[in-house]
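The values are calculated or read from the model by the stated rules, or taken from the named source; none is laboratory data. For clarity, every value in this text was computed on a predicted model and none was experimentally measured. Neighbour counts run over all protein chains shown; Cβ positions are idealised from the backbone, glycine included. For the accessible areas, the whole protein counts, side chains as well, though only heavy atoms, and no ligand, DNA or RNA atoms are used. Shrake-Rupley method; radii C 1.70, N 1.55, O 1.52, S 1.80 Å.
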Amino acid sequence: MAEARERTFIMVKPDGVQRGLVGKIIKRFESKGFKLVALKFTWPSEELLKKHYADLATKPFFPGLVKYMSSGPVVPMVWEGLNVVKTGRVMLGATNPADSAPGTIRGDLCIQVGRNIIHGSDSVESAKKEIGLWFTEKEVINWKPANEGWVYED
Ligand code: DAT
Ligand code: MG
């Protein structure tokens, strides 16, 4: 299924790591049926985060955002599957956890916008940009999970 090869960039932010939520977050994407194709544990530089959030550079919260995001290790990942960018955003919930529906990751696991534990690409285009920023081509793995035929129709 060619459409099932869409990819998104998901990252557990420093507060998600410090709070021990990495496994829980990975589990949600795994249980859904999405395929993990890249993952690392890394303490990101301010330089990388400024590139990652370049679109928000003029926002008043930008300096605080970069400081928070570079305050500890994070878990960047690439997940693959049908409509994974859009569905991934739905699974994350609204940017501000005060507006995130219960049942979403942010709705269930955090309270404030400046500590919202997880990042997810907002379009296929930004996913491509973000994946290229955080991973080399070799680090993104093409593989076929044993259960794939049971997740998708023929
Ligand atoms: P999202 O992470 O849902 O894609 P975004 O791209 O608009 O949201 O913003 C990136 C991050 O910046 C967001 O996850 C948390 C932070 N942020 C956004 N709006 C903010 C605000 N008004 N005050 C503080 N932090 C904010
Ligand atoms: Mg965003």
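Could you derive backbone 3J(HN,Hα) for region 136-150 from the dihedral phi with the Karplus parameters 6.51, -1.76 and 1.60 (θ = phi - 60°), listing whole Hz in sequence and x where the residue is Gly or Pro?
7, 4, 5, 7, 9, 9, 8, 7, 10, x, 4, 8, 3, x, 9
Can you give the angle from 0 to 90° between the axis of helix 124-134 and the longest principal axis of the chain, with both taken from C-alpha atoms, to the nearest 10?
The angle comes out near 70 degrees.
Could you please state how large a percent of the accessible area of the chain is carbon and sulfur, counting protein chains only and using a 1.4 Å probe? It would help to have the intermediate numbers written out before the result.
On the way: 4840 of 8840 Å².
Solvent-exposed carbon and sulfur of the chain make up 55 percent of the total.
In Å², what does the accessible area per residue of region 80-146 work out to with a 1.4 Å probe? Please list the in-between numbers first.
On the way: 3860 Å² over 67 residues.
Computed with neighbouring chains in place, this is 58 Å² per residue.
List every residue whose amide H lies under 5 Å from the amide H of S100, counting only residues 5 or more places away in sequence or on a different chain, with H placed 1.01 Å from N in the peptide plane.
A94
Can you order the peptides 75-81, 49-55 by their average number of other Cβ atoms within 10 Å per residue, highest first? If you can, show how the numbers build up before the last one.
Values: 75-81: 23.4, 49-55: 15.3.
The most tightly packed comes first, giving 75-81, 49-55.
Using the Cβ atoms and a cut-off under 11 Å, what net charge is assigned to the surroundings of V75, where Lys and Arg are +1 and Asp and Glu are -1? List each step's numbers first, then the result.
Details: positive: K13, K40; negative: none.
Cβ neighbours under 11 Å give a net charge of +2.
For I118, what residues show an amide H to amide H distance below 5 Å, using hydrogens built from the backbone and excluding near sequence neighbours?
K13
Given the pairs K51/K144; K24/K50; K13/K35; K67/K138; K13/K86; K35/K67, which are separated by over 24 angstrom at their Cα positions? Spell out each step's value before the answer.
Details: K51/K144 32 Å; K24/K50 27 Å; K13/K35 20 Å; K67/K138 29 Å; K13/K86 20 Å; K35/K67 31 Å.
In this structure, K51/K144; K24/K50; K67/K138; K35/K67 exceed 24 Å between Cα atoms.
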